[in-house]
């Protein structure tokens, strides 16, 4: 059959199962055929010989700050950073102003994204005391992947630190709940331990590993009790790893996320980066970083996520602890992980499983995450022999900084297609924003 919209010829297609050299043809936004396409014609053809073709990355944890905090980021700038880094689908978190806790706030975000989002998208609902009994209904609204739970402090009423409230939230719904797991009571107690001359290096001491362990144990116990699947975000401690492994071995529906921050950064960097390294849960000492990285290699983790949470440099320059926690990351997550995979830290197939295939299956995403006929043509073309150095001028996020500036990476993303349309090239946006709300397969 001829007359395709796009053909990528002779590229190495990477899936979770392996690598195959083949042509890939796109029609009407979907992958239509994979194989030797011979003399087939297309409106656009790309010579992909010697290049890698990956499914678009799915980042299931970003904070794009709109509405209410657009001076830090908005849906347009955050999604532009995403698409330039190979992220073709994002799930945005509910701790905006106002928080996304009802149908009205969700609809507002979906409307704000129309014509402005560069990547496909969905917006999480947030669990709170006022909506706990309605979450089973709210999690099924079009445009949301489900309900986010903050067990550690967040904005407004988005705090579920009471065990009875957490149980009610878990009992009301069926979809997997992503959870920020830190024990609020312990963190409040430890605030008094701050030094007379505070510095961001104290952050992992004040929000210590035990705060995460207490919370994650409680979460898993209530997941067992209620039968609700839970997804533990941004694991930051070595201490949680055996707890998660035991829960999985027991057959509980417990999954977990690794971030590049907790895999690649460690506490000695507070001396040079200061509050730019500050996030929740904290970047911790080297023994935690190394253990998390080994657990990724061993297959404990299910997905990668960026926890893209930007603040302005002016906000970050405030003295600790008044400086806010969080760092950007949606544009750099795939390049950083590509660098690790191309360096042999883990297989490219694992990168695709954790960055595309598993996020799609975990949340029931329709037509996303794999290189197969019938799937959306969300494609990332990578030159594995190229290298580049992250520069401030490359950054698309509004905050304009990254803790990774100056780091040289293996592999270079050349082009990104969203549903068959060229969306970015050589780290710059191409065309106009064409992101759309995604569909889910939940019945």
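Each value in this text was obtained by applying a stated rule to the coordinates, not by laboratory testing. Being a predicted model, the structure only gives us computed values, none of them experimental. Don't worry about glycine lacking a Cβ; one is built from the backbone with ideal geometry, like all the others, and counts go over all protein chains shown.
Assorted remarks:
- Rounded tilt (10° steps) of 240-249 against the dominant C-alpha axis of the chain: 60
- Over the Cα atoms of region 5-140, the radius of gyration divided by the Kirkwood radius equals 1.11; this is the Rg/Rh ratio.
- Normalised size of the chain, defined as Cα radius of gyration per 2.2 N^0.38 Å with N residues, equals 0.94.
- Separation of the residue 391 and residue 49 label points, Cα + 7 Å toward Cβ, nm: 3.1
- Percentage relative contact order, the chain, counting C-alpha pairs under 8 Å, at least six apart: 21
- Centroid-to-centroid separation of region 139-169 and region 199-240 [C-alpha atoms, Å]: 15
- Packing here is the average count of other Cβ atoms within 10 Å per residue, and on that basis the peptides 371-381, 353-363, 119-129, 197-207, highest first, run 119-129, 353-363, 371-381, 197-207.
- When restricted to Cα atoms, region 138-232 yields an Rg and a Dmax of 15.1, 50 Å, respectively.
- Summarising the label geometry, the points placed 7 Å from Cα in the beta-carbon direction at residue 315 and residue 383 lie 3.6 nm from one another.
- Where only C-alpha atoms are counted, convex hull volume of region 368-438 per residue in Å³: 121
- Applying 1/(1 + (r/R0)^6) with r as the Cβ-Cβ distance of residue 193 and residue 133 and R0 = 35 angstrom yields a FRET efficiency of 0.40.
- Each peptide among 34-40, 244-250 gets the average number of other Cβ atoms lying within 10 Å of its residues, and from highest to lowest they stand as 244-250, 34-40.
- The chain - mean residue ellipticity at 222 nm from DSSP helices (-39,500 (n - 2.57) per run, n ≥ 4, rounded to 500): -7500 deg cm²/dmol
- Each peptide among 336-344, 313-321 gets the average number of other Cβ atoms lying within 10 Å of its residues, and from highest to lowest they stand as 336-344, 313-321.
- Cα centroid separation, region 80-121 to region 416-433 (Å): 18
- Stokes-Einstein diffusion of region 184-339 at 25 °C, 0.890 mPa s viscosity, Kirkwood radius from Cα pairs, rounded to a whole number: 151 µm²/s.
- Treating r as the C-beta distance of residue 246 and residue 290 and R0 as 22 Å, the FRET efficiency rounds to 0.60.
- Placing a label point 7 Å from the Cα of residue 298 along the Cα-to-Cβ direction, the residues of region 210-239 with a backbone N closer than 17 Å are 235-239.
- In this simple spin-label model, placing a label point 7 Å from the Cα along the Cα-to-Cβ direction at both residue 103 and residue 28 gives a separation of 3.2 nm.
- Degrees separating the helix 75-84 axis from the principal Cα axis of the chain, which is the longest one: 50
- Cα Rg, Dmax, region 70-192, angstrom units: 15.2, 47
- Helix 209-226 and the longest principal axis of the Cα set of the chain meet at an angle near 80°.
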